[in-house]
Amino acid sequence: MILSEAIEDYGQFIRHELGHATTTYHAYVSWQRNFARWLDANGHSDPPVTEITEALVRRYSYSLSARNLRPRTIRGALHALRALFAYLAEQGAISGNPAKEIRLPKKDAATRLLVTDEDLVKLLEAVERQSSDFRCARDKALLAVLIFCGLRRQELLDLTVSSINLADRSLLVQQGKGNKSRTIYLCEEALTALREWLAMRQQVKCSHHYLFLGEGKRRLGDRTLHDLLEEIKAIAGLKGDPRIKPHSIRHAAATRLLRNGADIRSIQAWLGHSQLQTTAIYLHTDEQQVRKIAPLAGLRPSPQEKPSEPGPADRATGYRRRRTLAR
């Protein structure tokens with residue numbers, strides 16, 4: 001078996017038998033193909049998998065380091081190769097895993113791009129200034145799903161018209177990460193935005209049932225979503241701001257839930273996380289929150305101040321304190 005065939009087989013295995021998400025599939029296979037291209041550039045064009053040695057994988061690891069890639073990026077590449085060769089060893093195609101003994105670089109801290117409530121309010125106000133009623137309704141609903149429901153990028157793109165239940169005030173994520181489904185209940189702002197978009201969406205005749213449409217009635221794709229967000233950012237006065245991305249908006253949604261009184265287990269279910277540890281990574285505390293807990297460190301803690309009323313940004317997000325889930 002040659003390497004290209006092995007990569008293809010492994011991709012089909014994790015996609016159809018293990019049920020990994022599309023994003024996971026692309027992440028693993030892209031690194032494996034990157035390794036194949038590196039081999040080709042270094043005199044080993046599509047070799048039999050039995051000829052791939054630990055020394056070759058180690059040299060590839062060094063080449064990634066020489067490109068000044070972050071340690072966590074290099075770890076991702078090596079994890080993809082370990083998984084591929086473990087699969088081949090299990091299938092009997094090779095006798096051992098040549099990537100198993102390669103030492104992974106120490107994981108560096110993640111770069112967290114924090115989005116403020118004020119940023120989100122600017123984005124929501126910006127869509128009101130779109131050039132057409134169609135774009136205004138679509139973009140408002142799209143932002144509502146990101147901001148108020150905390151969906152992953154691919155989960156948003158996979159939504160269909162039937163995913164929205166206006167009567168139940170809910171949204172069904174049918175193909176979340178790991179092909180797990182979950183129901184998210186909608187706050188008033190999200191419900192209103194989706195109701196307006198669905199009314200307009202029904203007037204469009206197209207051959208598919210995906211919720212969001214790009215140009216020419218086609219299903220909204222990843223590139224179009226990126227361009228759309230960049231356009232909204234520009235209108236909002238946030239042009240080129242690297243913080244405003246679907247994933248950082250998702251982080252902001254989780255942090256807002258915690259700040260407004262949701263418990264961490266409910267947030268875990270809301271985000272669709274399998275492990276509580278993953279949820280904890282999403283929850284950021286700001287300086288104001290840290291200052292507030294300072295009196296609690298004393299032997300005789302001072303009485304807690306009366307919680308302040310939610311500000312304009314909190315009201316814009318559609319959440320209220322002491323709610324476990326946004327309904």
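For the range 107-118, which positions are open to solvent by 80 Å² or more (accessible area, probe 1.4 Å) and modelled with pLDDT of 85 or more?
Filtering the range 107-118 for residues open to solvent by 80 Å² or more (accessible area, probe 1.4 Å) gives 107, 109, 111-112, 114, 118.
Correct list: GLU118 only.
Suppose we filter the range 230-243 for residues that are open to solvent by 10 Å² or more (accessible area, probe 1.4 Å), charged (D, E, K, R) and assigned to a helix (DSSP H, G or I); how many remain? Break it down stepwise before answering.
Of the range 230-243, the ones open to solvent by 10 Å² or more (accessible area, probe 1.4 Å) are 230-231, 234-243.
Cutting the leftovers down to charged (D, E, K, R) gives us 230-231, 239, 241, 243.
Add one more test, that the residue is assigned to a helix (DSSP H, G or I), and what stays is 230-231.
Here the count works out to 2.
Looking for whichever is free of Cβ contacts under 8 Å to residues at least 60 places away in the same chain and either closer than 18 Å to ARG135 by Cα or of a type outside the set (Ser, Thr, Tyr) (or both) here; the options are THR183, THR224. Which one fits?
Working: THR183 fails: either closer than 18 Å to ARG135 by Cα or of a type outside the set (Ser, Thr, Tyr) (or both).
Answer to the check: THR224.
For residues that are of a type in the set (Phe, Trp, Tyr) and open to solvent by less than 80 Å² (accessible area, probe 1.4 Å), scanning just the range 16-63, find the one that is nearest to the chain's Cα centre (by Cα). Spell out the reasoning first.
Step one: list which residues in the range 16-63 are of a type in the set (Phe, Trp, Tyr), which gives 25, 28, 31, 35, 38, 60, 62.
This time we only want the ones that are open to solvent by less than 80 Å² (accessible area, probe 1.4 Å), so: 25, 28, 31, 35, 38, 60.
Details: TYR25: 14, TYR28: 16, TRP31: 19, PHE35: 25, TRP38: 29, TYR60: 28 Å.
So the residue we want is TYR25.
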Filter result (of a type outside the set (Lys, Arg) and under 17 Å from the mean Cα position of the chain (by Cα)) within the range 210-226: LEU220, GLY221, ASP222, THR224, LEU225, HIS226
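Quick test for you: out of LEU151, LEU143, LEU157, LEU104, pick the one residue that is over 27 Å from ARG72 (Cβ atoms), surrounded by 13 or more Cβ atoms within 10 Å (Cβ to Cβ) and not aromatic (Phe, Trp, Tyr). Don't jump to the end; show me each part of the working.
Details: LEU151 fails: over 27 Å from ARG72 (Cβ atoms); LEU157 fails: over 27 Å from ARG72 (Cβ atoms); LEU104 fails: over 27 Å from ARG72 (Cβ atoms).
Result of the check over LEU151, LEU143, LEU157, LEU104: LEU143.
Please tell me if ALA199 is in contact with a helix residue (DSSP H, G or I) (Cβ under 9 Å, 6 or more places away or on another chain) and open to solvent by 10 Å² or more (accessible area, probe 1.4 Å). Walk me through how you get there before you give the answer.
On the way: in contact with a helix residue (DSSP H, G or I) (Cβ under 9 Å, 6 or more places away or on another chain): yes; open to solvent by 10 Å² or more (accessible area, probe 1.4 Å): yes.
When the stated conditions are applied, ALA199 passes them.
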Boolean, ASN97 is open to solvent by 70 Å² or more (accessible area, probe 1.4 Å) and of a type in the set (S, T, N, Q): no
Failed item in (1) open to solvent by less than 60 Å² (accessible area, probe 1.4 Å); (2) in a helix (DSSP H, G or I), with ASP227 passing the rest: (1)
Criterion violated by TYR210 - all others in (1) modelled with pLDDT of 80 or more; (2) crowded, with 16+ Cβ neighbours inside 10 Å; (3) out of contact with any strand residue (DSSP E or B) (no Cβ under 6 Å at 6 or more places or on another chain) satisfied: (3)
Residue in the range 244-266 that is farthest from the chain's Cα centre (by Cα), counting only those that are modelled with pLDDT of 90 or more and outside any helix (DSSP H, G or I): ILE244
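The values are calculated or read from the model by the stated rules, or taken from the named source; none is laboratory data. Treat the numbers as computed from the prediction; the structure is a model and nothing was measured. For neighbour counting, all protein chains shown are included, and Cβ atoms are generated from backbone atoms with ideal geometry for every residue, glycine included. Surface areas here come from the heavy atoms of the whole protein model, side chains and all, with no ligands, DNA or RNA. Shrake-Rupley method; radii C 1.70, N 1.55, O 1.52, S 1.80 Å.
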